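Structure first, then comments.
The values are calculated or read from the model by the stated rules, or taken from the named source; none is laboratory data. Fair warning: this is a prediction, and the values are worked out from it, not measured in the lab. A quick note on method: Cβ atoms are made from the backbone with ideal geometry, for glycine too, and the neighbour counts reach across all protein chains shown. For the accessible areas, the whole protein counts, side chains as well, though only heavy atoms, and no ligand, DNA or RNA atoms are used. Shrake-Rupley method; radii C 1.70, N 1.55, O 1.52, S 1.80 Å.
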Amino acid sequence: MGRGSPKDCSRCAMRIARWAIVVNLLLGAFKVAVGYLAKSVAVGADGLQSFTCALVALLVAQSMKLGRRRPDARFSYGYG
């Protein structure tokens, strides 16, 4: 703790969010395919839930990107 600058932490967090999006999309596609082939509604539904996790990770990444904006006339203390 305390080794990296806030800029380094932000970059690392964005990298993790991107990985979470990719992994959840791949996992969701795999689970939906397996659920379809196995005729399992539960596995297919779990795949859809993985897609929603990817959507949440996308929202987190966009929120972090918005939070890094500099202060302006509208938000004098910044967006984060």
Can you tell me which residue is surrounded by the fewest Cβ atoms within 10 Å (Cβ to Cβ) among those in the range 1-38 that are among the polar types (S, T, N, Q) and either at pLDDT 90 or above or not in a helix (DSSP H, G or I) (or both)? 5
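If you take the residues of the range 39-80 that are open to solvent by less than 60 Å² (accessible area, probe 1.4 Å) and in contact (Cβ under 8 Å) with a residue 24 or more places away in the chain, which of them is farthest from residue 14 (Cα to Cα)? Don't jump to the end; show me each part of the working.
Going through the range 39-80, the residues open to solvent by less than 60 Å² (accessible area, probe 1.4 Å) turn out to be 40, 43-45, 47, 50, 53-54, 57, 61, 64, 67, 78.
The next check asks that each one be in contact (Cβ under 8 Å) with a residue 24 or more places away in the chain; those that pass are 50, 53-54, 57, 61, 64.
Details: 50: 19, 53: 16, 54: 14, 57: 10, 61: 6, 64: 7 Å.
Restricting to residues being open to solvent by less than 60 Å² (accessible area, probe 1.4 Å) and in contact (Cβ under 8 Å) with a residue 24 or more places away in the chain, the top hit is 50.
Considering only the range 50-80, how many residues are assigned to a helix (DSSP H, G or I) and farther than 18 Å from residue 19 by Cβ? Step through it out loud before you land on a result.
From the range 50-80, those assigned to a helix (DSSP H, G or I) are 50-67; that's our starting set.
Checking which are farther than 18 Å from residue 19 by Cβ leaves us with 66-67.
Residues flagged as assigned to a helix (DSSP H, G or I) and farther than 18 Å from residue 19 by Cβ within the range 50-80 amount to 2.
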